[in-house]
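A.B. asks: Here it is, the structure in full.
The values are calculated or read from the model by the stated rules, or taken from the named source; none is laboratory data. All values reported here derive from a predicted model rather than from experimental measurement. So basically every Cβ, Gly included, is an ideal-geometry build from the backbone, and we count neighbours across all protein chains shown.
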Amino acid sequence: MNLKKTALHDVHVNLGARMVEFAGFRMPIQYHSIRDEHRRVRETVGVFDVSHMGEIIIKGTKALDMVQKITINDASKLEVGQVQYSAMCYENGGIVDDLLVYRFPEHYMLVVNAANKDKDYRWILKNKIDGCEVIDKSDEITQLAVQGKKAESTLQKLTRVDLGSVKYYRFVEDELAGAPMIISRTGYTGEPGFELYFENKYAADVWNKVMEAGKEFDIEPIGLGARDSLRLEKKMCLYGNDIDETTNPIEAGLSWITKLDKGDFIGREAILKVKEEGPKRKLVAIIMEGQGFPRHGYKIFKGEKEVGYVTSGTVSPILNQGIAMGYVAAEFAKVGTELEIDIRGRRVPAKIIKPPFV
C-alpha cells in the first residue's frame, strides 16, 4: 500500500517516532511512552501533527445553503471568525462524519476526519447545489495541534496576535512563527490549546519554532496514541468507534449539535423520528470498578443480560483506572447504573458515570 506522508514525516522519523499506517498516512503513534506523552499534555504542553485531517472549502453565493443542507448544526448562527462542531448524516440518520465548520468572510471550511476525507468529499459533491463550489485543499495544508495549559504561553512568543483575546471556538487569520496561518482555539484533548493551519512549505520551520518556544515548559511531540486516550478521558467521540453510519446523533448524545428547527437538511426526518420515539440505546461513559482494560467490541452486561458493547476503552493515565464509552440499551443508560464488562471471559464490575472522566 502506498502511504501518504505529511510535510513533517521526516521530522517524526528523525525524532525516533514509532510510525504506523493511519487513514492512508504514515503517522507517529508515539515518540516514547504514550502514558508520559498523555501526561505532558495534561500538565504543560504538547504538539501533534494532525495534517492528515481533511480541509474542504465551500464557497459561492449559495455556500451557506450548501452547508445547511449537509450538516446538522445551524451554520447560519456562525459569525465570521467562528467555528462550529457539527456532523453530516445520511438520509437514514446514520452519521457520515463529525466535523468542524469554519466561517470566513467569503467561504466556509469543513475540517473532516482523515479516514473519511475521500468519502466525505464524494458525499458533498453528490449533494452539491448550484451556486457553490467545493474544493479539497487537504493535501496543501499542514495542521498542528498545540495543546495544554502552556499552549498559549508557548505560541504567544511567536505572534503579534493577542491570543488571550481569541475565545474558545474562534479563530483569526494572521502570522505565527513567520508564516501566514489560521490560528484556531480548538482541539481534541479537553485542554486549552490551538490548532494551526498553514501551507506545507512552512511546516518544518513552524514546528521547530514552536518546539523552541515551548522548551521552558518541557514541550514534547505527541503521537496519535496519546491523542486517543486524551480525547477519551473527556468523552469526545471518535468516528469509526463511537459514531459511524449505523449510529444516530440522538443516541450518540449529539442532540446538542442537532438543530431540527433550522429547516430541512439531509437526515432530518430520520433523526426527528428517533428524537420523538426516544433512542433504543445510548452512548454512555463507563468507569471500571475492578481491574481491567476495556477494549472496543467487549460486551456489556447487567446481571446475565447482555445490554450493550464498548466502543472505546483504555486505562486512563490520569486516573489509573479503566474507562470506556459504549452503547447500552436505553433502560440501563442512567448515571450510576452498575454493569459488568466481559474482559476475555471475566466479568469485571463497572459503573456509568457523568462525563468527562477527568
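A.B. asks: Do we find a residue being surrounded by fewer than 17 Cβ atoms within 10 Å (Cβ to Cβ), in contact (Cβ under 8 Å) with a residue 60 or more places away in the chain and more than 24 Å from SER33 (Cβ to Cβ) anywhere in segment 294-309?
C.D. replies: Looking for residues that are surrounded by fewer than 17 Cβ atoms within 10 Å (Cβ to Cβ), in contact (Cβ under 8 Å) with a residue 60 or more places away in the chain and more than 24 Å from SER33 (Cβ to Cβ), one finds none in segment 294-309, hence no.
A.B. asks: Shifting gears a bit: Can you tell me how many residues in segment 238-267 are in contact (Cβ under 8 Å) with a residue 60 or more places away in the chain and either in the same structural domain as THR44 (by TED's automatic domain parsing) or not in a loop (DSSP other than H, G, I, E, B) (or both)?
C.D. replies: Here the count works out to 3.
A.B. asks: Taking VAL41 as the residue in question, decide whether it is in contact with a helix residue (DSSP H, G or I) (Cβ under 7 Å, 6 or more places away or on another chain), over 22 Å from SER138 (Cβ atoms) and in a helix (DSSP H, G or I).
C.D. replies: yes
A.B. asks: Only one of (1) within 17 Å of the chain's Cα centre (by Cα); (2) within 23 Å of LYS354 (Cβ to Cβ) fails for TYR239. Which number is that?
C.D. replies: (2)
A.B. asks: Looking only at segment 141-153, which residues are closer than 18 Å to VAL41 by Cα and either basic (Lys, Arg) or not in a loop (DSSP other than H, G, I, E, B) (or both)?
C.D. replies: Across segment 141-153, the qualifying residues are GLN143, LEU144, ALA145, VAL146, GLN147, LYS149, LYS150, ALA151, GLU152, SER153.
A.B. asks: Right, here's the next one. Considering only segment 310-331, state which residues are of a type outside the set (Gly, Ala, Ser) and either in contact with a helix residue (DSSP H, G or I) (Cβ under 9 Å, 6 or more places away or on another chain) or surrounded by fewer than 20 Cβ atoms within 10 Å (Cβ to Cβ) (or both).
C.D. replies: Correct list: THR314, VAL315, PRO317, ILE318, LEU319, ASN320, GLN321, ILE323, MET325, GLU331.
A.B. asks: What do you reckon, is TYR85 assigned to a strand (DSSP E or B), among the hydroxyl-bearing types (Ser, Thr, Tyr) and surrounded by fewer than 21 Cβ atoms within 10 Å (Cβ to Cβ)?
C.D. replies: yes
A.B. asks: For VAL47, state whether it is of a type outside the set (Gly, Ala, Ser), surrounded by 21 or more Cβ atoms within 10 Å (Cβ to Cβ) and part of a strand (DSSP E or B).
C.D. replies: So VAL47 passes the test.
A.B. asks: Only one of ILE318, ILE271, ILE287 is on the phi < 0 side of the Ramachandran plot, under 25 Å from the mean Cα position of the chain (by Cα) and part of a strand (DSSP E or B); which?
C.D. replies: ILE287
A.B. asks: Can you report the number of residues in segment 41-69 which are more than 19 Å from the chain's Cα centre (by Cα) and over 18 Å from ASN113 (Cα atoms)?
C.D. replies: Total satisfying the criteria: 12.
A.B. asks: I've got another one for you. Only one of these conditions is not met by TYR90: (1) buried (at least 19 other Cβ atoms within 10 Å of the Cβ); (2) touching a Gly at 6+ places or on another chain (Cβ under 7 Å). Which number is it?
C.D. replies: (1)
A.B. asks: Note down all Cβ pairs under 6 Å where the first residue falls in segment 223-234 and is in the same structural domain as ASP36 (by TED's automatic domain parsing) and surrounded by 20 or more Cβ atoms within 10 Å (Cβ to Cβ), the second is of a type in the set (D, E, K, R) and in a helix (DSSP H, G or I), and they're at least six residues apart or on different chains.
C.D. replies: Correct list of pairs: ALA226/GLU37.
A.B. asks: Report yes if ASN73 is in contact (Cβ under 8 Å) with a residue 12 or more places away in the chain and surrounded by fewer than 19 Cβ atoms within 10 Å (Cβ to Cβ), otherwise no.
C.D. replies: So ASN73 fails the test.
A.B. asks: While we're looking at this one, here's another question. Going through segment 129-140 one residue at a time, which ones are under 25 Å from LYS5 (Cβ atoms), outside any strand (DSSP E or B) and not hydroxyl-bearing (Ser, Thr, Tyr)?
C.D. replies: LYS137, ASP139, GLU140
A.B. asks: Before we move on, is LYS334 surrounded by fewer than 20 Cβ atoms within 10 Å (Cβ to Cβ) and in contact (Cβ under 8 Å) with a residue 60 or more places away in the chain?
C.D. replies: It is false that LYS334 is surrounded by fewer than 20 Cβ atoms within 10 Å (Cβ to Cβ) and in contact (Cβ under 8 Å) with a residue 60 or more places away in the chain.
A.B. asks: Do we have ILE58 as of a type in the set (A, V, I, L, M) and surrounded by 21 or more Cβ atoms within 10 Å (Cβ to Cβ) here?
C.D. replies: Spelling it out, ILE58 is indeed of a type in the set (A, V, I, L, M) and surrounded by 21 or more Cβ atoms within 10 Å (Cβ to Cβ).
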